[in-house]
């Protein structure tokens, strides 16, 4: 029954999308949304603010599902509307350019954007296989799914803006309806936060950020919670950090169960409320510990130490269909347990590891040589102005 309801809903949405096709749009009206309308963050946020600051000829409008975001942006002087209201729909019908991070649902239940230039910024570039990469495209089921997406696709794009040739080819394999010559190398707008105006990274603090990936299956998440909670009581690690003047900041997913009452002096837990902008946090920390997060592509731009605490590597790669290239970026800083983590940190503090090889490997896949010093918002804007004849 659910499949029938879903199919009917899809058919209704497809009809609405095509019935409201409009090519007579205002190319100086750009709309932005992200994360299903539930956040003001990520690549869309940085590009939105850049446009407002640098291009007065462009009317930039944010669409959101959250009234608190309405209040925040309105108080900051930005134009913003609540999704699925008459005002929002009027703007969407007129907009010439639209930017999303997740899908057209970033603009509400019925995104009236057929005829606009739809630009995908997405929310990270990594090694995990997604969407079309997971299916054998020669099967009848895959071909029918492709036909469905050709008729109506919430991730339809005219342009995808990304960071490297590897990412370009990966998005082409992943995304329905993507054209290789419409996947443009500009860098991610959010990574402008990592550099000053001269293209230099901001100074690093003596902090280490542990940013573990949320596990989709129950068993994997239980194991992750044990790993994190073991670190919170790891007094030997705390002593090592204290001796070298470092603090370990652990930022788990909000659904991860953490024993926050267990506190050591140099190991701290960050809640969502403590981190209003992950990019600004990444810009300051001296080292990153993670596993499968796309944050490695961002942080590698800074050429600082990255530790892969991929304790469940075999199971995760098997269940999550990681690209084989992921294994080639694991160098001396790949650890499988807390004891190896301790030993690797000690070597890094004593400068006994050539950690740059890890960043070099990541950058070779995820960041083109000419896209490693900021200017990413500018790159996106320049491309659109030149190729869409926007004045």
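The values are calculated or read from the model by the stated rules, or taken from the named source; none is laboratory data. Just so you know, these numbers come straight off a predicted model, no measurement behind them. Heads up, the Cβs are rebuilt from the backbone with ideal geometry, glycines too, and the neighbour counts pull from every protein chain shown.
On inspection, residue 134 qualifies as more than 22 Å from residue 275 (Cα to Cα), exposed (fewer than 15 other Cβ atoms within 10 Å of the Cβ) and modelled with pLDDT under 90. I'd like to check something: does segment 71-78 contain any residue that is assigned to a strand (DSSP E or B), in contact with a helix residue (DSSP H, G or I) (Cβ under 8 Å, 6 or more places away or on another chain) and in the same structural domain as residue 104 (by TED's automatic domain parsing)? No, there is no match, as no residue in segment 71-78 is assigned to a strand (DSSP E or B), in contact with a helix residue (DSSP H, G or I) (Cβ under 8 Å, 6 or more places away or on another chain) and in the same structural domain as residue 104 (by TED's automatic domain parsing).
Does segment 252-264 contain at least one residue that is touching a strand residue (DSSP E or B) at 6+ places or on another chain (Cβ under 8 Å) and within 23 Å of residue 194 (Cα to Cα)? Yes, because at least one residue in segment 252-264 is touching a strand residue (DSSP E or B) at 6+ places or on another chain (Cβ under 8 Å) and within 23 Å of residue 194 (Cα to Cα). Yes or no: residue 121 closer than 30 Å to residue 318 by Cα and either crowded, with 22+ Cβ neighbours inside 10 Å or touching a strand residue (DSSP E or B) at 6+ places or on another chain (Cβ under 6 Å) (or both)? Judged against the criteria, residue 121 is a match.
Scanning segment 324-334 for residues that are more than 12 Å from residue 358 (Cβ to Cβ) and either surrounded by fewer than 18 Cβ atoms within 10 Å (Cβ to Cβ) or touching a strand residue (DSSP E or B) at 6+ places or on another chain (Cβ under 6 Å) (or both) yields 324, 325, 327.
Looking across segment 295-319, the residues that are part of a helix (DSSP H, G or I) and surrounded by 17 or more Cβ atoms within 10 Å (Cβ to Cβ) come down to 295, 296, 297, 298, 299, 300, 301, 302, 313, 316, 317. Assessment of segment 260-276 against the conditions (within 21 Å of the chain's Cα centre (by Cα), under 30 Å from residue 165 (Cβ atoms) and not in a helix (DSSP H, G or I)) yields no matching residue.
Filter segment 1-28 for residues that are part of a loop (DSSP other than H, G, I, E, B) and loosely packed, with under 14 Cβ neighbours inside 10 Å and give the result. The answer is 1, 21, 23, 24. Can you tell me which residues in segment 225-259 are modelled with pLDDT of 90 or more, over 22 Å from residue 305 (Cβ atoms) and either touching a helix residue (DSSP H, G or I) at 6+ places or on another chain (Cβ under 6 Å) or not in a loop (DSSP other than H, G, I, E, B) (or both)? If the condition is that a residue be modelled with pLDDT of 90 or more, over 22 Å from residue 305 (Cβ atoms) and either touching a helix residue (DSSP H, G or I) at 6+ places or on another chain (Cβ under 6 Å) or not in a loop (DSSP other than H, G, I, E, B) (or both), then 225, 226, 229, 235 are the ones that fit. Here segment 343-374 is the region considered, the condition is being touching a residue at least 40 places away in the same chain (Cβ under 8 Å), in contact with a strand residue (DSSP E or B) (Cβ under 9 Å, 6 or more places away or on another chain) and surrounded by fewer than 19 Cβ atoms within 10 Å (Cβ to Cβ), and the residue that is farthest from residue 182 (Cα to Cα) is 373. Listed conditions (1) over 22 Å from residue 238 (Cα atoms); (2) surrounded by fewer than 18 Cβ atoms within 10 Å (Cβ to Cβ) are all met by residue 377, apart from (2).
For segment 4-22, a residue qualifies if it is in contact (Cβ under 8 Å) with a residue 40 or more places away in the chain and within 11 Å of residue 114 (Cα to Cα), and the qualifying residues are 14, 16, 17, 18, 20, 21, 22.
Taking the conditions (1) more than 27 Å from the chain's Cα centre (by Cα); (2) in a helix (DSSP H, G or I) in turn, residue 353 satisfies each one other than (2).
As a summary of the residue check, residue 179 satisfies the conditions (1) buried (at least 22 other Cβ atoms within 10 Å of the Cβ); (2) out of contact with any strand residue (DSSP E or B) (no Cβ under 6 Å at 6 or more places or on another chain) except for the one numbered (1). If you go through segment 206-224 and pick out every residue that is crowded, with 20+ Cβ neighbours inside 10 Å and within 16 Å of residue 267 (Cβ to Cβ), you end up with 5.
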